1. Which of the residues spanning region B:63-118 are part of a helix (DSSP H, G or I), under 23 Å from B:GLY167 (Cβ atoms) and more than 24 Å from the chain's Cα centre (by Cα)?
2. Check whether at least one residue in region A:258-272 is surrounded by fewer than 23 Cβ atoms within 10 Å (Cβ to Cβ), modelled with pLDDT of 80 or more and more than 18 Å from B:ARG220 (Cα to Cα), and report yes or no.
3. Going by what's in this entry, would B:LEU113 be described as aliphatic (A, V, I, L, M), within 14 Å of chain A (Cβ to nearest Cβ) and in contact with a helix residue (DSSP H, G or I) (Cβ under 9 Å, 6 or more places away or on another chain)?
4. Identify, from the list A:GLY182, A:GLY132, A:GLY174, the residue that is more than 14 Å from chain B (Cβ to nearest Cβ) and on the phi > 0 side of the Ramachandran plot.
5. Suppose we filter B:LEU208, B:LEU163 for residues that are in a helix (DSSP H, G or I) and under 30 Å from A:MET228 (Cβ atoms); which single one remains?
6. Which pairs have Cβ atoms under 6 Å, sit 6 or more apart or on different chains, and link a residue in region B:293-305 that is at the interface with chain A (Cβ under 8 Å from one of its Cβ atoms) to one that is outside any helix (DSSP H, G or I)?
7. Just checking, which of A:LEU253, A:LEU216 is touching a Ser or Thr at 6+ places or on another chain (Cβ under 7 Å) and not in a loop (DSSP other than H, G, I, E, B)?
8. Could you say whether any residue in region A:63-78 is at pLDDT 75 or above, crowded, with 19+ Cβ neighbours inside 10 Å and not in a helix (DSSP H, G or I)?
Amino acid sequence: MNKTFQLWNPSLLLGLAIVGLFAAMAISPGLFSSQDPAGLRLEHRLSAPSAANWFGTDGVGVDVYSRVVYGARTTLATIVVVLGIAILVGVSIGSVSGYLGGWIDGLLMRVADVFLAFPPLILALATNAVLGRGLQQTMFAVAFLWWPAYARLVRSQILAVRKLEFVESARAIGANELRIVGRHVLPNVLDPVIVRASLDAGFVALTAASLSFLGLGAQPPTPEWGRMVAEGQKFLLDQWWVATFPGISLFVLVIGFNLIGESLSGRMQSGLHVSRAEETEGR
Amino acid sequence: MMGRYVARRLFLMIPVLLGVSILAFYVSQLLPGDPARAAAGRLATPEQLEAVRERLGLDQPIPVQYGLYIGRLLQGDLGTSLSSKQEVAQELRIFFPATLELLFATMVLTVVLGITIGVRAATSRGGWVDRAFLGFSYLGVGMPVFFLALLLQLVFAGWLRVLPIAGRLSLETVPPPVLTGLYTFDALFAGQWATMMDAGRHLVLPALTLSIAGISEVGRITRSAMLNALEQDYVRTARAKGLSERAVWLRHALPNAMLPTTTVIGLQVAFLLGGTVLIENIFSWGGLGTYAWKGIFRLDIPVIMGITLVSTTAYLFVNLGVDLLYTKLDPRIRYE
């Protein structure tokens with residue numbers, strides 16, 4: 001979109017500041033809150049926001065603010081694990097597929113099609129039914145749904161890059177294939193993967209929180225924003241703060257990731273070989 | 001040529017559907033619990049249990065069971081729900097229209113508002129409409145749907161009391177005679193205005209919740225595609241021959257901007273197909289999502305399989321539809 005792209009534009013900085021703040025909460029929540037995120041005090045249940053409890057207290061008297069702070073760790077850990085698995089699996093399968101071509105490529109891409117077409121929630125529900133309810137099971141289910149996107153992206157990048165001159169010349173001077181992939185092809189493929197991941201991070205957070213909202217993710221007492229919104233649902237009309245603050249935190253974090261993702265993809269588009277149209281082709 | 005392309009695409013759906021059905025069947029087998037017991041009921045004697053197991057073919061090896069399932073499927077038989085004892089195909093016919101009505105309302109809002117706002121933003125680039133929309137679109141994409149649903153319920157049903165909080169019809173409203181299963185349409189055909197309005201009012205909050213993200217995305221892509229189209233030579237030509245700005249935007253730039261917009265709309269439909277469970281849950285909608293949710297927790301394998309196959313098929317057809325629409329929007333695109 002933007003033809004003249006600055007290195008540090010305001011939206012990138014704002015995004016980094018938001019994500020940085022939540023990352024700091026995730027790393028050392030004690031810096032932000034001195035209260036116990038699991039400390040039941042039934043006599044203080046459902047008290048409105050005050051100087052002592054900035055975001056009020058929930059149905060069992062736990063400080064909502066400290067649960068929001070500790071919840072950052074749950075959400076960020078989910079994003080890291082899900083994207084980590086999805087990228088690892090996706091990049092491996094995509095590279096093999098794009099580089100080898102032929103029937104292996106055909107087979108792997110059909111498998112990716114199956115996972116792309118599979119109804120996401122059924123898979124998530126089934127994973128939880130099979131492996132038991134919990135955060136790890138949900139991460140696993142979400143990662144399972146996400147890898148095909150990376151496999152396709154990497155495959156299309158490799159198809160584009162392997163025909164380029166510098167790869168041809170590496171081959172001409174007799175470099176072996178593994179070396180070509182490692183030294184010449186992959187580094188060129190990873191930029192779009194990183195951009196894609198930054199665009200996906202917010203979406204992963206939303207998906208995981210949605211599943212937790214349905215009761216399929218983190219189980220109490222683990223603080224998790226989606227779950228907290230679900231718990232606050234029944235108090236919504238009178239004690240709005242129980243659901244609202246965790247909801248807003250998730251919202252702000254997602255916006256932070258989107259700001260970063262779009263700044264990075266804007267920068268990519270100004271100087272890159274493979275267009276977004278090609279990447280989504282054949283979906 | 002086109003016919004051959006469609007035939008090939010339809011043919012390519014077969015391996016994907018087979019793959020999805022195998023995956024779903026295998027995952028279903030992993031579910032804890034005993035479907036024979038679920039079907040026979042808690043009070044069944046061991047003999048009755050065995051009889052049920054045999055009748056359902058559950059004593060056969062899994063590949064054989066899968067083969068039997070596919071055999072029946074090809075005859076249009078999706079099996080019988082273990083918990084309700086009703087035919088799955090019959091139940092899907094009841095639940096699917098509810099979801100379809102919600103999706104339809106959502107897509108109408110998404111397409112109409114998304115494209116209108118996108119065009120307005122592009123034509124007043126840098127103006128307040130444009131800025132307001134860009135701000136809104138950031139919020140729209142980042143908003144967790146379940147949270148938005150609760151906020152809308154809180155404001156419109158709780159505080160303002162202008163819209164119903166959940167359900168498809170008010171308690172005192174009798175559902176219209178079934179024609180399509182879409183309440184608004186059925187009521188319209190039957191001439192029941194009050195029922196139609198009631199169904200319409202119930203649609204507003206869930207459809208609005210589901211469409212916010214879509215409106216943002218469709219609006220943004222329309223905006224940038226319009227801006228791109230407005231820089232092209234044919235727009236300069238159109239202006240040079242003296243067309244009004246309005247005619248240039250609507251007749252020359254907009255049709256060309258529709259290609260990327262269509263892609264985004266197609267992705268939205270596909271996404272919504274799998275994503276209504278959450279919203280149906282919050283708004284007690286009673287559609288496919290609710291059916292899926294119950295099916296999983298009752299270990300109702302025929303139901304799970306039925307929903308998986310129906311929504312996958314719908315997803316594949318949406319993708320094919322989008323690709324075919326491209327050729328209408330851009331005659332230069334031809335598929336071989």
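The values are calculated or read from the model by the stated rules, or taken from the named source; none is laboratory data. Because the structure is a prediction, the values reported are computed rather than measured. Glycine also receives a Cβ, built like all others from the backbone with ideal geometry; neighbour counts cover every protein chain displayed.
1. Passing the criteria: none in range.
2. Within region A:258-272 (the criterion being surrounded by fewer than 23 Cβ atoms within 10 Å (Cβ to Cβ), modelled with pLDDT of 80 or more and more than 18 Å from B:ARG220 (Cα to Cα)), the answer is no, since none of the residues qualifies.
3. Working: aliphatic (A, V, I, L, M): yes; within 14 Å of chain A (Cβ to nearest Cβ): no; in contact with a helix residue (DSSP H, G or I) (Cβ under 9 Å, 6 or more places away or on another chain): yes.
No, not satisfied.
4. It is A:GLY174.
5. Working: B:LEU163 fails: in a helix (DSSP H, G or I).
Going through B:LEU208, B:LEU163 in turn, the sole match is B:LEU208.
6. What qualifies is B:LEU299/B:LEU31; B:LEU299/B:GLY33.
7. Details: A:LEU216 fails: not in a loop (DSSP other than H, G, I, E, B).
None of the others qualify; the one that does is A:LEU253.
8. At the first step, the residues of region A:63-78 found to be at pLDDT 75 or above are A:63-78.
Next cut, crowded, with 19+ Cβ neighbours inside 10 Å only: A:63-76, A:78.
Imposing the further condition that a residue be not in a helix (DSSP H, G or I) reduces the set to A:63.
For region A:63-78, residues at pLDDT 75 or above, crowded, with 19+ Cβ neighbours inside 10 Å and not in a helix (DSSP H, G or I): present.
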